[in-house]
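The values are calculated or read from the model by the stated rules, or taken from the named source; none is laboratory data. A quick note: this is a predicted structure, and the numbers were derived from the prediction, not measured. All Cβ positions, even for glycine, are placed from backbone atoms using ideal geometry, and neighbour counts span all protein chains on display. Side chains included, ligands, DNA and RNA excluded: accessible areas come from the protein's heavy atoms. Shrake-Rupley method; radii C 1.70, N 1.55, O 1.52, S 1.80 Å.
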Amino acid sequence: MVLGNDASSSSLSNKNLSVLVVDDDPLIRMLHDNYLKHFGLKPLVVENGKEAVDLFQLGTSFDLILMDKEMPIMNGVEATKALRDMGATSMIVGVTSRGSPSEMQAFMEAGLDFCFEKPLTFDMIDFILKELNVNDDDDTNN
Amino acid sequence: MERNPLRRQLQLMRKSLFDQGYLDEQFVQLEELQDDTNPNFVEEVVTLYYRDSARLVLNIEQALERKPYNFHKLDAYMHQFKGSSSSIGAKKVKAESTLFREYCKSGNGEGCMRCFQQLKKEYATLRKKLEAYFQVARQAGPMETACRPK
């Protein structure tokens, strides 16, 4: 895997993307925060699904949400369903330690765009951001 | 070949951690996040891991003192612990975590106990090795870009 040029060239197109990291694990929050900063982003970081839903209810929207599955107060499945029910059009990417196909399928059905097993890697984030930028280009052209 | 003796020592320590199976690719991902603006990132992440996971180790220890075992609870704790351990590339610790979860699923209490003792050994060994590694790293100063072990 080569990172170098890809990360630096994409950081220019990424800088206007708004990102929310939702995870109860401080280590994962720190990691994902730093991964995203490496791509030129400035993510907001919250600790559970309810905080994500509360932000949306206050009128804050995000281009990308990285959503953990297992969290206290409100888990990732509940939060994703709630956000979609409220009309959130963000790209929501599930991130879970539970890697069985059935568990990931259940999380996907809540309304995710993608689901990855933890921990995220540079390649995964690169893929997500490319998908996001492609979607953004499609919206502009329509 | 690195000529600076401290950096050479650091390279050898690093290679040994990978060759002996203590660390995996995820550790390299952490190193790639380290730069001039974040020069101690890897050490900070590892420090956070050991600080945070200590609580989980204690929870598991306490749960293993209560009979009959609550395998569902033990599995939940270990699931969290495994996730954190994966995030820093702690390969042997992660392997023992996986085995522990399999024992939980099959309701094998003795297996859980044995496995947990081994897990704690690996956890402690890795900590000592990484502490020594970071001590030399601080003395050696910033390294070149992280390279993947062959």
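Observations on the model:
- Computed [θ] at 222 nm, deg cm²/dmol, chain B (DSSP H ≥ 4; -39,500 (n - 2.57); rounded to nearest 500): -25500 deg cm²/dmol
- For B:SER53, A:SER102, the ranking by accessible surface with the largest value first comes to A:SER102, B:SER53, using a 1.4 Å probe.
- Extending 7 Å from Cα along the Cβ direction at A:THR60 and again at A:MET86 yields two label points whose distance is 1.1 nm.
- You can think of it this way: the chain between B:SER106 and B:ASN70 has 11.7 nm of extra reach, that is 0.36 nm per residue less the Cα-Cα gap.
- Unit charges at the beta carbon, dipole of segment A:29-142: most positive-side option, A:ALA110, A:ILE125, A:ILE73: A:ILE73
- Largest to smallest accessible area among A:LEU27, B:LEU58 [probe 1.4 Å]: B:LEU58, A:LEU27
- For segment B:5-125, the C-alpha radius of gyration divided by 2.2 N^0.38 Å, with N the number of residues, is 1.19.
- Average beta-carbon neighbours from other chains, 10 Å sphere, peptide A:25-31: 6
- Straight-line cross-link partners of A:LYS81 among the lysines, defined as a Cα under 16 Å from its Cα and at least 8 positions apart when in the same chain: A:LYS50, A:LYS69.
- Residues listed by number, segment B:10-46, amide nitrogen under 15 Å from B:GLN139 label point at 7 Å toward C-beta: B:10-14
- Separation of alpha-carbon centers, segment B:22-55 and segment A:64-80, rounded to whole Å: 24 Å
- Scoring B:68-78, B:3-13 by mean Cβ neighbours within 10 Å over their residues and listing the highest first yields B:68-78, B:3-13.
- Restricting attention to the protein assembly as shown, close to 10% of DSSP beta bridges with both partner residues there are antiparallel.
- Counts of other chain beta carbons within 10 angstrom of each beta carbon in peptide B:81-94 average 3.
- Cross-link reach list, lysines versus A:LYS130, counting only Cα pairs under 22 Å and skipping chain neighbours closer than eight places: A:LYS15, A:LYS37, A:LYS42, A:LYS118
- Across the protein assembly as shown, the convex hull enclosing all Cα atoms gives 143 Å³ per residue.
- The packing ranking, built from the mean of other Cβ atoms within 10 Å per residue, places the peptides A:33-43, B:127-137 in the order A:33-43, B:127-137, highest first.
- Placing unit charges on the Cβ atoms only, positive for Lys and Arg and negative for Asp and Glu, gives segment B:40-150 a dipole magnitude near 220 debye about its Cα centre.
- Within a straight-line Cα-Cα reach of under 16 Å, B:LYS92 can be paired with the following lysines, leaving aside sequence neighbours fewer than 8 residues apart in one chain: B:LYS15, B:LYS82, B:LYS120, B:LYS121, B:LYS128, B:LYS129.
- Packing, as the average of other Cβ atoms within 10 Å across residues, places the peptides A:91-97, A:125-131 in the order A:91-97, A:125-131, highest first.
- Relative contact order for segment B:1-149, counting Cα pairs under 8 Å that sit 6 or more residues apart, in percent: 34 percent
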